[in-house]
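*Asks:* Dumping the structure here so I can ask a few things about it.
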Amino acid sequence: MREIPDSAEIVVIGGGIIGCSTAYHLAKMGKKDVVLLEKGQLTCGSTFHAAGLVGQLRSSSSITQLLKYSVELYQGLERETGLATGWKMNGGLRLANNAERWTEIKRQATTAHSFGLDMQLLTPKEAQEYWPLMDIDGLLGAAFLPTDGQANPSDITQSIAKGARDNGVAIIEGVTVTGIDLKHGRVTGVQTSAGPISCDYAVNCAGQWAREIGLMAGVSVPLQSVQHQYMLTEPIKGVSSDLPTLRDPDRLTYFKEEVGGLVMGGYEPDPIAWAEQGIPENFQFTLLDSNWDHFEDLMHNALLRVPILADVGVKQLTNGPESFTPDGNFILGEAPEVRNFYVGAGFNAFGIASAGGAGKALAEWLVAGEQPMDLWAVDIRRFSDIHQNVEWVRNRTLELYAKHYTIAWPHEEHLSGRPYRVSPLYERLTAANACFGSKLGWERPNWFAQRAEPKDEYSFGRQNWFEAVGEEHRAAREKVAVFDQSSFAKFDISGADAEQSLSLLCANDVSKPVGSLVYTQMLNNSGRIECDLTVARLALDHYYIVTGTGYRTHDKAWIMQNIPAQDRVTLYDITEEWGTLSLMGPDARQLLSELTDSNVSNACFPFAHYREISVAGVKVRALRITFVGELGWELHMPIEHTGTVYDALMEAGAKYGAANAGYRAIESLRLEKGYRVWSADITPSDSPLEAGLGWAVKLKMDTDFIGRRALARAKQQPLTKRLACFTVDQPDIVLLGRETIYRDGLPVGWLTSGGWGYSVKKNIGYGYVRNADGVSTDYLRSGNYELEVACERVACDLQLKTLYDPGMVKVKA
């Protein structure tokens, strides 16, 4: 039996490249009591058969930064450890065979420029000069990232492992983790085949076994193993060691050089799940049987691009299962179910590219107790109970695998596993021609078709819903609109210390009288924004919190983990128990008055207040607030009465022109009003001061709150970035977010969100303008601005005032 220590501060589970990188970075950060356990030998799971491509560009700036760091680490690793890594920065090509793909690549190039990556657009002939074996028939263009590369997965893992050992990490092979010890919802140790180890932290980097390890702690890690194949050819004349990697997404294939030959793999439209009944015992350094029939279509596509493949021998067709996730992003962070249980898993076949940065970020998260930057795209708290459904996870994961190389359309909705959860209005809204989207399992109306089939038709231009959404937008601006927002996450917080606890968590003042409604952020210790929500005070010891659908798990976990243990507080998640209808527009008061005996005049029911009223005979929690910039109320009622209230609103509202409206209209309306969206405009990388939300922070009060000290310090220094609004007059331009902001010809940031404002008749974008020496109002005003959209510069105007109703006259009427 292997000898293991009785205790350690941190136990990392899994000896693939992710586990080794996490342990390495923990040690680099001064954590010397770290043990890494591997049930077999290092790399024996899926790392050993990985293809080893290292691309850097992702749609998130933070994830792109992680991948850029991976490259920086790999460049110097052999020098540090003395072990070869197989790393080479040979660049990467990406091809476009049709106009829509070429638009996507140009938009990706703009995203790269926004995030500080060099991405060059090439003609077909220029691309062929980099890759002479390529047939360029039908090719429209290509992009080249010179700092992309490739590595030998096993060698680079062993090199990272040596770096970890050199810095004090104990790496123990041949020891299986059999259980996780918990006490009061916190990790206290791990059980192993060689005995127990008491510990303060457990880090689950177990790859395809991460779901199984998670279940030992009561933690959901939604993964599905999928068969992934690639072939290796005999040496080919003309294949040099510095040949760039090549991705041909329209033909679903990728290529890289290896020992003078080519590796070719891809992503089939009909993927095959693996280990649906569990991973076999002792599955180490093991491959699956080659499946040439399944690989045939990829081979056909590859021959069209690289005809010489028809004349060379194939050494091997590797079929190695890898773990994939239901949204195509990997999983990182502290589990919401258990304190001090961290996860780094589900790398969707780009684990080698991600490992350096992901391991560093996970180590920083553990040491600081909060994420080091905006990592929402990979945050484990983005999941919910739907992701505990194994069949749902499998189906959605296979759908996303099949879409790995398809065009990533703006506003694209996935189709598998739907409908999963619906509001009581689902059938009514279906009959009203709603086109639904899905968020965390909820079916939600995105838009309503007036004269066509309610179905999205995707493109990079104006999509088929553009005019219909305009009508919904105008209904909210000019008459009255009803939005079904029953999917909102909703929490009741009660107890003798409720005010005390929430005052500590909330940056704004929630100690206001009963009946008050407060918009607030919750900050981390760095003064950055962790949550963005509304808090209604129902009683002295009772609050009602409403937050976005997708943030349910995240916000609940943040609140629960930061309420002091001694406080007498109880939190109930009542999301499914309450429906929500938002009644918005200049006629909202007249309509509501017809259905209630309560006085809803501005004098009796002012903005930012809560009242319990009766609507159509139903007791309703009425919140006078808006996310669309109009007079209105959110009406929250027991879920079984949602249909009654909706029917009454639509019947009484007919004479006012009341219209159904969806989430696409909400997006347009909120852009005109300048309301921020968490995970886009405001994130854990941003402070309220930078986001223009300083007015919602109680710094002038003598009340402590999480993040106060960091914000107070920041207030004494010049802001180095500020959220700003930009408009573009040309209607043929489409802003989506991530477009580069240029000031006086130099890049200073990128758009965090973008869209069309139907009332102002302009494209609207928001983004942070950055300057190390400070971003004052004078600095903003003195610049000339442009936006890069799909690699073309377009003129734009900086807007320092809210575009719509800057005086809040309509909202507070």
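The values are calculated or read from the model by the stated rules, or taken from the named source; none is laboratory data. The model shown is predicted, which means the values in this text are computed figures rather than measured ones. Methodologically, a virtual Cβ is constructed for each residue, glycine included, from the backbone with ideal geometry; neighbour enumeration extends over all protein chains shown. Accessible surface areas use protein heavy atoms only, side chains included; no ligands, DNA or RNA. Shrake-Rupley method; radii C 1.70, N 1.55, O 1.52, S 1.80 Å.
*Asks:* Going by the conditions given, is Leu42 open to solvent by less than 40 Å² (accessible area, probe 1.4 Å) and in a loop (DSSP other than H, G, I, E, B)?
*Replies:* Yes: the conditions hold for Leu42.
Yes or no, residue by residue, for (1) more than 17 Å from Val809 (Cα to Cα); (2) touching a helix residue (DSSP H, G or I) at 6+ places or on another chain (Cβ under 9 Å); (3) open to solvent by 10 Å² or more (accessible area, probe 1.4 Å):
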position: Leu623; (1), (2), (3): yes, no, no
position: Val628; (1), (2), (3): no, yes, no
position: Leu635; (1), (2), (3): yes, yes, no
position: Glu651; (1), (2), (3): yes, no, yes
position: Tyr675; (1), (2), (3): no, yes, yes
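*Asks:* Next up: For the range 439-461: of the residues being closer than 16 Å to Ile666 by Cβ and in contact with an Asp or Glu (Cβ under 8 Å, 6 or more places away or on another chain), which is most open to solvent (accessible area, probe 1.4 Å)?
*Replies:* Looking at residues that are closer than 16 Å to Ile666 by Cβ and in contact with an Asp or Glu (Cβ under 8 Å, 6 or more places away or on another chain), I get Arg444.
Residues are listed down the side, and each one gets a yes or a no for (1) open to solvent by less than 20 Å² (accessible area, probe 1.4 Å); (2) in contact (Cβ under 8 Å) with a residue 60 or more places away in the chain; (3) of a type in the set (Asp, Glu); (4) within 17 Å of Ser679 (Cα to Cα):
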| residue | (1), (2), (3), (4) |
| --- | --- |
| Asp484 | yes, yes, yes, no |
| Gln500 | no, yes, no, no |
| Val535 | yes, no, no, no |
| Leu538 | no, yes, no, no |
| Gly550 | yes, yes, no, yes |
| Ala565 | no, no, no, no |
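*Asks:* Out of the residues in the range 690-704 that are touching a residue at least 40 places away in the same chain (Cβ under 8 Å) and within 27 Å of the chain's Cα centre (by Cα), which is surrounded by the fewest Cβ atoms within 10 Å (Cβ to Cβ)?
*Replies:* Only one residue tops the list, namely Ala696.
*Asks:* I'd like the full set of residues that are open to solvent by 30 Å² or more (accessible area, probe 1.4 Å) and either within 21 Å of Tyr405 (Cβ to Cβ) or acidic (Asp, Glu) (or both), limited to the range 231-251.
*Replies:* Once the filter is applied, which keeps residues that are open to solvent by 30 Å² or more (accessible area, probe 1.4 Å) and either within 21 Å of Tyr405 (Cβ to Cβ) or acidic (Asp, Glu) (or both), the range 231-251 yields Glu234, Asp242, Arg247, Asp250, Arg251.
*Asks:* Are any residues in the range 395-408 in contact with a Ser or Thr (Cβ under 9 Å, 6 or more places away or on another chain), in contact (Cβ under 8 Å) with a residue 40 or more places away in the chain and of a type outside the set (Val, Ile, Thr), and if so, which ones?
*Replies:* Within the range 395-408, Arg396, Leu398, Leu400, Tyr405, Ala408 meet the criteria.
*Asks:* Considering the range 493-510 alone, what residues qualify as being in contact with a helix residue (DSSP H, G or I) (Cβ under 7 Å, 6 or more places away or on another chain) and not β-branched (Val, Ile, Thr)?
*Replies:* Leu505, Ala507, Asn508
*Asks:* Name the residue that is farthest from Glu690 (Cα to Cα), counting only residues in the range 758-773 that are buried (at least 19 other Cβ atoms within 10 Å of the Cβ), in contact with a strand residue (DSSP E or B) (Cβ under 7 Å, 6 or more places away or on another chain) and not polar (S, T, N, Q).
*Replies:* Among residues in the range 758-773 that are buried (at least 19 other Cβ atoms within 10 Å of the Cβ), in contact with a strand residue (DSSP E or B) (Cβ under 7 Å, 6 or more places away or on another chain) and not polar (S, T, N, Q), the one farthest from Glu690 (Cα to Cα) is Lys762.
*Asks:* Out of Ser782, Ser776, I need the residue that is surrounded by fewer than 17 Cβ atoms within 10 Å (Cβ to Cβ), free of Cβ contacts under 8 Å to residues at least 24 places away in the same chain and out of contact with any Phe, Trp or Tyr (no Cβ under 7 Å at 6 or more places or on another chain). Which one?
*Replies:* When all the criteria are applied, what remains is Ser782.
*Asks:* With the condition kept exactly as written, say whether any residue in the range 156-171 is β-branched (Val, Ile, Thr), modelled with pLDDT of 95 or more and either touching a strand residue (DSSP E or B) at 6+ places or on another chain (Cβ under 8 Å) or under 15 Å from Ala202 (Cβ atoms) (or both).
*Replies:* Yes, the conditions are met somewhere in the range 156-171.
*Asks:* Would you list the helices (runs of 4 or more DSSP H) that sit entirely within the range 71-167 and hold 1 or more residues that are closer than 30 Å to Gly30 by Cβ?
*Replies:* Helices (runs of 4 or more DSSP H) meeting the threshold: 153-166.
*Asks:* List, please: which pairs have Cβ atoms under 9 Å, are six or more places apart or on different chains, and start with a residue in the range 652-665 that is over 16 Å from Glu471 (Cα atoms) and end with one that is part of a strand (DSSP E or B) and at pLDDT 95 or above?
*Replies:* Gly653/Val482; Gly653/Leu583; Gly653/Ala659
*Asks:* Contact list please: Cβ distance under 7 Å, first residue in the range 232-243 and at positive phi, second residue exposed (fewer than 12 other Cβ atoms within 10 Å of the Cβ), pairs at least six apart or on different chains.
*Replies:* From residues that are at positive phi, the pairs are Gly238/Pro132.
*Asks:* Could you list, in sequence order, all residues of the range 383-394 that are touching a residue at least 60 places away in the same chain (Cβ under 8 Å) and over 18 Å from the mean Cα position of the chain (by Cα)?
*Replies:* Gln388, Trp392, Arg394
*Asks:* Moving on to the next point. Just to be sure I understand the filter: pairs with C-beta atoms under 6 Å, separated by 6 or more residues or on different chains, first member in the range 109-127 and touching a residue at least 40 places away in the same chain (Cβ under 8 Å), second member of a type in the set (Lys, Arg). Which pairs pass?
*Replies:* Cβ pairs passing all conditions: Thr111/Arg738; Ser114/Arg738.
*Asks:* Modelled with pLDDT of 95 or more, surrounded by fewer than 22 Cβ atoms within 10 Å (Cβ to Cβ) and assigned to a helix (DSSP H, G or I) - does that describe any residue in the range 351-364?
*Replies:* yes
*Asks:* Answer with yes or no whether Asp744 is among the charged types (D, E, K, R) and touching a residue at least 40 places away in the same chain (Cβ under 8 Å).
*Replies:* The answer is yes for Asp744.
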